[in-house]
Structures are given as C-alpha cells and as structure tokens.
Amino acid sequence: MNLYQIDLNLLILFDALYRHRSVSTAASEIFLSQSAFSHGLSRLRIRLSDDLFVRINNVMEPTPFAHELAVDIAPALVQIHKGLNNSLVFDPATSDIELTFAATDYTQFSLLPKLIGYISQVAPNIKITIFPSENKIPTAKLISGELDFLLGFSHEVEKSSTIESQTWLQDDYCTIARKNHPHLKDGLTLDKFLKLSHVRISPWGEKQGIVDQHLAKQGLNRHVALQLPSAMVAPYTVLHSDLILTLPRLLASYMAKIIDIDIYSTPFSISKYQLNIYCHKLNVNKASHLWLNELVSQLVN
C-alpha cells in the first residue's frame, strides 16, 4: 500500500488504541469524541482489510496484524514528533513557560533545592509548579499535558510504551532509631530487626513496602506499628518510642544532623532506591524537556 493512500491521522488513532486498549481513553488522549474515534477506526479497518482490534471482556485486544503494525508505527510517530519539535527554540534566559511536576515530599527534598537554586539564576522567568503525587506514575496527567514531569522512585528498571524515565539518583537503605535505644546497644541484627516494631513509609497507602517484599522472599515478616505517607515526618516518630524506621540513607544522614537518631546498616540485602524523573514519550524531545532533563543530570553528577 502506498503511503498517500491512507489518512495518517488514522495511525495516531491506531497507536493510541494499541497503547490503551480502550476506545474512551484513547479518544480522550487525542481529543476526539468516542463516536468520531469509532468512525476513524472503521475507516482504518476497511483500508487495511483487518479488524485490528477485537473487544474481549471489555478490552480492545489487538489482532496479530495489529501487533505487527505497532512495531513500526509507534517509533515512526515518535520520530515524526521529534522532527516537528526539533526546530522549536527554547531559551531559558528569556522563556516564561510554566513547568509542572508531581512529587512526593522526599523526591521534592532530594532535588528541588538544587534545581530551583540553579533555575532562579539561569531562567529567572520560568515558573515551577509542584503538585502532590497522588499515585506512583500519573500516566493520564502526563499524557494530557496537565503535568510535564513526575519526580518519583522505583527499585528496578521500568519499561513503558507511554512514559519515558531517567534515573538521576541511586541510594542505599539504612535503618534508624532514637539515640540510646535500649535494645540496640550492641547494634542491629536481623533478629532484633524482626522483634522490634517498625514505622513504614507508604506514600500511596500500600500495605507492603520494599522492606516487606524482601523479608517475604526469605519467609520473614515484621510488625508495622505505624504507617505514614510522609518520608519527612517519619524520622521524628522514632524519637520518643522504640520504633525503628528503614529509609534512604540520604534522608537519614540529613536528619541525623537535626534530631537525635542513630543510623544502622539494614541487616539484610535490599535493593537500591532509585529516584527518577518521568515524562510522556511524545514530549521527551521537546526543547524545554530536553533542557530540564539535561539540567537534572548535571545537578546530581
């Protein structure tokens, strides 16, 4: 089939539905009504002589031909978007754009002091707006453009057809307790770790964190006496109790300068803590986003 025989807008429609498997979500992303989207899908089916997507249990499942088509369509659209945006000029010294972020309190603490200090010098007219992180990766808001970036964390390399991520900091975990903890005079062993009660940091109300996951792999568990959404508040809760808290070492070292706590190596192997910056893949080559991502890399290296 010759390229001029097909409406290229239908390929954008195809890509959105392939990623979301939902007509309503895909239509919303590309600003079409569901009726217009369905009409476009019908045209594409006729042009390509294939159903492309079949509704199964209320999910639009791709046909084998659709899977093959997606392998070429998705990167082609990203490349087209890159070509259209490469010519856009972004001058941080004169730009007055607003960049919007979602972030937890800890990810804000880890990056914003350095980031804002630098931006205020080289891009004084840019406005930075930070929103609370309501879920781990707010994909819908990154897709819609309501958010430009997410400052988030993970413990493994993440792959997504929609979201691009860049790791800008890795950190070890450690465990803290109040000074002169009566049960830790000789240090923190695994046995003591399991016998003591814990504080768990859970930004989105998760009932199992990375510590619990690693213990479970060994057939072990701990008693969580207090669960909090805020990493910045959590260290203060051990000051007048026998509770212990496992958290990133960067935060523990900072808090040890302010409050009376001792820092211990966590007595079992645990994955490093990765701080990431996320954005929509269609914006990854936008001039302002390239500038911000490069700036973050420079600040933490």
Beyond 32 Å between alpha-carbons counts as too far, so tell me which of 136/185; 136/217; 114/195; 136/286; 192/272; 207/257 fall in that bin. 136/185; 114/195
Testing the spin-label approximation: label points 7 Å from Cα along Cα→Cβ at residue 39 and residue 186. State their distance in nm. 7.9
If I model a spin label at residue 206 and residue 230 as a point 7 Å from the Cα along the Cα→Cβ vector, what separation in nanometres do I get? 2.1
Describe numerically, in nm with one decimal, the distance between label points set 7 Å from Cα along Cα→Cβ at residue 8 and at residue 80. 0.5
Roughly speaking, what is the centre-to-centre gap between segment 247-262 and segment 115-145 when only Cα atoms are used, to the nearest Å? 27
The chain, Kirkwood Rh and Cα Rg, ratio Rg/Rh at 1.07
Cα centroid separation, segment 28-47 to segment 151-206 (Å): 46
Antiparallel versus total DSSP beta bridges in segment 157-270: what percent is that, nearest 5? 55
Calculate log10 I(q)/I(0) of segment 173-271 for q = 0.13 Å⁻¹, where I(q) comes from the Debye formula with a single equal point scatterer on each Cα and nothing for solvent. -0.39
For segment 173-271, what is the charge dipole size about the Cα centre, in debye to the nearest 20, if Lys and Arg each add +1 at the Cβ and Asp and Glu each add -1 at the Cβ? 20
Go ahead and set up a Gaussian network model of the chain, Cα springs under 10 Å, then flag whichever of 53, 109, 65 fluctuates most. 65
Only sites in a loop by DSSP and with at most 15 other Cβ atoms within 10 Å count here; which trypsin sites (Lys or Arg not before Pro) in segment 235-301 make the cut? 257, 272
Subtract the Cα-Cα distance of residue 166 and residue 91 from 0.36 nm times their separation in residues, and report this length gain in nm to one decimal. 24.7 nm
What's the local net charge at residue 127, with K and R +1, D and E -1, over the other residues with C-beta under 9 Å away? -2
Any idea which of 104, 93, 255 is furthest toward the positive side of the dipole for the chain, if Lys and Arg beta-carbons carry +1 and Asp and Glu beta-carbons -1? 255
Hand me the chymotrypsin sites (Phe, Trp or Tyr not before Pro) from segment 211-277 located in a DSSP loop with no more than 15 other Cβ atoms within 10 Å, in residue order please. 268
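Taking the Cβ of residue 176 as the centre, find all other residues whose Cβ is under 12 Å away and add up their charges (Lys, Arg: +1; Asp, Glu: -1).
In short, +1.
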Provide, in order from the shortest bin, the percent of all Cα-Cα pairs of segment 93-161 in each 10 Å bin, continuing until the bin that contains the maximum pair distance. 19, 46, 30, 5
By Cβ neighbour count within 10 Å, fewest first, 127, 192 rank 127, 192
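Determine, from the Cβ-Cβ distance of residue 263 and residue 122 and an R0 of 35 Å, the FRET efficiency 1/(1 + (r/R0)^6), rounded to the nearest 0.05. Working shown, then result.
Details: r = 36 Å, r/R0 = 1.02.
The computed FRET efficiency comes out at 0.45.
Report the calculated FRET efficiency for residue 254 and residue 22 (r = Cβ-Cβ distance, R0 = 41 Å), to the nearest 0.05. Please report the intermediate quantities before stating the final value.
Details: r = 43 Å, r/R0 = 1.05.
It comes out at approximately 0.45.
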Looking only at 57, 221, 276, which one moves most when the chain is put into a Gaussian network model with springs between Cα atoms under 10 Å? 57
In whole Hz and in residue order, list the ³J(HN,Hα) couplings for segment 36-47 that follow from phi through the Karplus curve 6.51 cos²θ - 1.76 cosθ + 1.60, θ = phi - 60°; x for Gly and Pro. 5, 5, 5, 5, x, 5, 4, 4, 5, 4, 5, 5
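Rule-based calculations on the coordinates, nothing more; no lab input. Source: prediction; values computed, not measured. As a convention, Cβ positions derive from the backbone with ideal geometry for all residues, glycine included, and neighbour counts pool all protein chains shown.
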